Structure formats: C-alpha cells, structure tokens
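**Q** This structure is in structure tokens; I'll ask about it shortly.
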C-alpha cells in the first residue's frame, strides 16, 4: 500500500551550504502545519552536507535527500527539487533561508481558499549572514492581495516583481503545465517562472513576513558585476514572455513599454554608478544596454526616469512596495524560542487584519 502523498513539498536546492542548512531544516520541522515533505537536492556538495542531511532524514521520514549524479547548476538543481516534490503545492526555499513557523499553514489556507491562484508570495524578513534581522520588505500595503495573472504581467512591465524563490508557494499542477524553470536562463529564473505562472492563473500576496532571507557573499542572489547576468535577463525575458505580439495587441504594448522603462532605468544607473566610483560596473552596464536595450525608446523616457529617481531619492520612496524596520523579538536562528514572537502571535491591528484575511 502506498503512503498518502503530502499536501506540501518544501523544495530546498543546496550546494555547499552545510553551515546554513540547520536553520533551514529546523524551521520546517517547527512548522505549525505538519502535512509536508522536505525534498533536499544536493548539487554534489563536498562540505559535509551529506552527513548533516542524512542525520536529519534518519530522524524524520518526511525528509528526502537526493544527491545529483553531476552538477546541474542553480536552475537545474531548483528544477530537480521541484520535479521531485509529490505535494499539491511546492514551497521553494533556498538553503540559506528559513521559514517562520506559520508559513505553510497560512499559505496553504490562502491557496485552498483561492483555487484560481497558481502562485502565492509573502513579505520577507531580510537578515545579514548571521541571521540578524535588518528590515522587513516586499509589502503591497494591505494584508492580502489577490491579483489576476494579467494584472501581474502589467505590474511586471512597470518593474514591480514577484519576490524571489524563497517567497514562492506554487500550485504543482501549474508548475508542471508550464514546464517549470527555464534552464537556459543566466540568473533571473524566479522572475521568469513567476511571469509564466501568471500566464495560466492568478497571483496572491500576503503582507505577513513568512520567511527570512539571508544576505551572504556566496548567495545565488549576489551578482558578479562583470557579468551582469541579472540585467541581461531583465532585457531578454520579456521578449519571451510577451509572445505572440503583433501591433497593436496587449503583449506588443507590454513588450515595448517594458523595454522602454528597463532601458531608461539602466541609462540612469550608468552615470550614478560612475559617480559613485563603480566605474567597471558602469562600463559593463553601458555595454549590456547598448547590446540588449531599446535605445530610441529608452532615451525618450530617460528625462522622466531621471526625475522619478531624484524624487524617490529625496523622499526615500522605494520603487515598489515598501520596507519597515525589524520588530522586537526577531532574534537570530540560534535563538529559536524568541525568534518568531512577532509573527507567530501577531498583536493589535496586524492580528485582526491577518485573521480576517486568512480566515483564522
């Protein structure tokens, strides 16, 4: 007799992150929601990851450990983790990040109540390498936002993103329908995946921070300024997403508006980086914009983009969303008893709003 499949597959790709994995794994073991499996795919680590994860797997049968026969790279390892998940939902979690205790409980509830939604995300508690909270970010301004897929694609055109991999909570059937991650991309696979998911369904976001995103030098989100892989992807991905496009259909308008805004944004960045002393970055950015950007449209919008950047700088207004300082009670991962006080038991207005939004 086969065992009952879990409702949620937590998918953790890793490579030489043994020093961070205990925080990641412990956060899943401490979830208030228990119908999960934890799938850890190891991209041929040589730092003790195998011994560490095997000890956890021996103590809890919900943990599955898969070692790749050869290096697959960031997107390949993410794809294998997600494809190996058996659950109705896939929770992507980078190996150096970790979840708040009610993360799965809240996101499962929201997705079950909204069957047309294929991708859910949440706000983040951003930390330094030691796990010390620095700020809360990726707020949409209300406890729960349910947005049609088309509207999210329009937000994408304006440069408003979906969050990153560790924020993603995906309906597995939709992931399979679109084929998962694009293994040919250089860097921004999560941005591409979010956009393609919004082609087949709707999107939701909760302003409750449900995961901790760690900043550290070897993170996949740390970009080599000489390569500028993220910038290249931000030019190239819309060309793939907004297809088929014929003048003057909606995808045609989306594509050219996005290319105009993206080009103008980076044209403004070039002199700013140069004046700050990042001359190598500015030089390489100019080459990428020349090769991949839409200079006629970008230059036409450049004055407006420059004025917007100056206004945002003067008013300290973020380009999208907003950020807040960390609340008291948010400790480092080694202090598990105190770490999640602010979010495990919300208080005041946040508590009443979140209970109303998620039905608790």
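Each reported figure results from applying straightforward, stated rules to the coordinates on display, with no laboratory input. As the structure is a computational prediction, the values presented were derived from the model and not from experiment. Cβ coordinates were reconstructed from backbone atoms using ideal geometry, including for glycine residues, and neighbour counts include every protein chain displayed.
**Q** Could you work out how far apart the two model spin labels at residue 186 and residue 299 are, taking each label as a point 7 Å from the Cα in the direction of the beta carbon, and quote it in nm?
**A** Calculated label separation equals 2.3 nm.
**Q** Next question, about the same structure. Using 7 Å Cα-to-Cβ label points, what is the residue 249/residue 86 separation (nm, one decimal)?
**A** 4.2
**Q** In a solvent-free Debye calculation with one equal scatterer on each Cα, what is log10 I(q)/I(0) for the stretch 133-264 at q = 0.17, 0.22 Å⁻¹, listed in the order of the q values?
**A** With no solvent term, the Cα-only Debye profile gives -1.04, -1.55.
**Q** Which percent of Cα pairs goes in each bin when the distances of the chain are cut into 20 angstrom slices starting at zero?
**A** The calculated distribution, bin by bin, is 28, 59, 13, 0.
**Q** Compute the whole-percent fraction of alpha carbon pairs in the stretch 229-315 spaced more than 21 Å apart. Please report the intermediate quantities before stating the final value.
**A** Values: 1262 of 3741 pairs.
When every Cα pair of the stretch 229-315 is considered, 34 percent fall beyond 21 Å.
**Q** Here is a further query. Hey, rough spin-label estimate for residue 323 and residue 19, points 7 angstrom out along Cα→Cβ, what's it come to in nanometres?
**A** Here the modelled spin labels are 2.3 nm apart.
**Q** Then there's this: For the chain, modelled as a Gaussian network with Cα springs under 10 Å, which listed residue fluctuates most, 176, 309, 55?
**A** Greatest mean-square fluctuation among the candidates belongs to 55.
**Q** Taking neighbour counts of Cβ atoms within 10 Å as a proxy for exposure, in what order, fewest first, do 301, 212, 89 appear? Walk me through the numbers before you get to the answer.
**A** On the way: 301 19, 212 26, 89 23.
Taking fewest neighbouring Cβ atoms as first place, the list is 301, 89, 212.
**Q** Further question on the same structure: Most mobile of 328, 45, 34 per a Gaussian network model of the chain (Cα springs, under 10 Å)?
**A** Between 328, 45, 34, it is 328 that shows the largest mean-square fluctuation.
**Q** Right, another one. Taking the beta-carbon count within 10 Å as an exposure proxy, list 170, 270, 241 from fewest neighbours to most.
**A** Numbers: 170 27, 270 18, 241 22.
Sorted ascending by nearby Cβ count, the order is 270, 241, 170.
**Q** Enter the Cα centre distance for the pair the stretch 83-161 and the stretch 255-272, rounded to the nearest angstrom.
**A** 27
**Q** R0 = 30 Å: FRET efficiency of residue 71 with residue 109, Cβ-based, nearest 0.05? Provide the component values of the computation, followed by the final result.
**A** On the way: r = 38 Å, r/R0 = 1.25.
Plugging the Cβ-Cβ distance into 1/(1 + (r/R0)^6) gives 0.20.
**Q** Pick out which of 229, 191, 98 has the largest mean-square fluctuation in a Gaussian network model of the chain, springs linking Cα atoms closer than 10 Å.
**A** Residue with maximal mean-square fluctuation among 229, 191, 98: 229.
**Q** Work out the FRET efficiency for residue 57 and residue 32 from their Cβ-Cβ distance, taking R0 = 25 Å, and round it to the nearest 0.05. Intermediate results must be reported in sequence, preceding the final value.
**A** Numbers: r = 22 Å, r/R0 = 0.88.
The value I calculate is 0.70.
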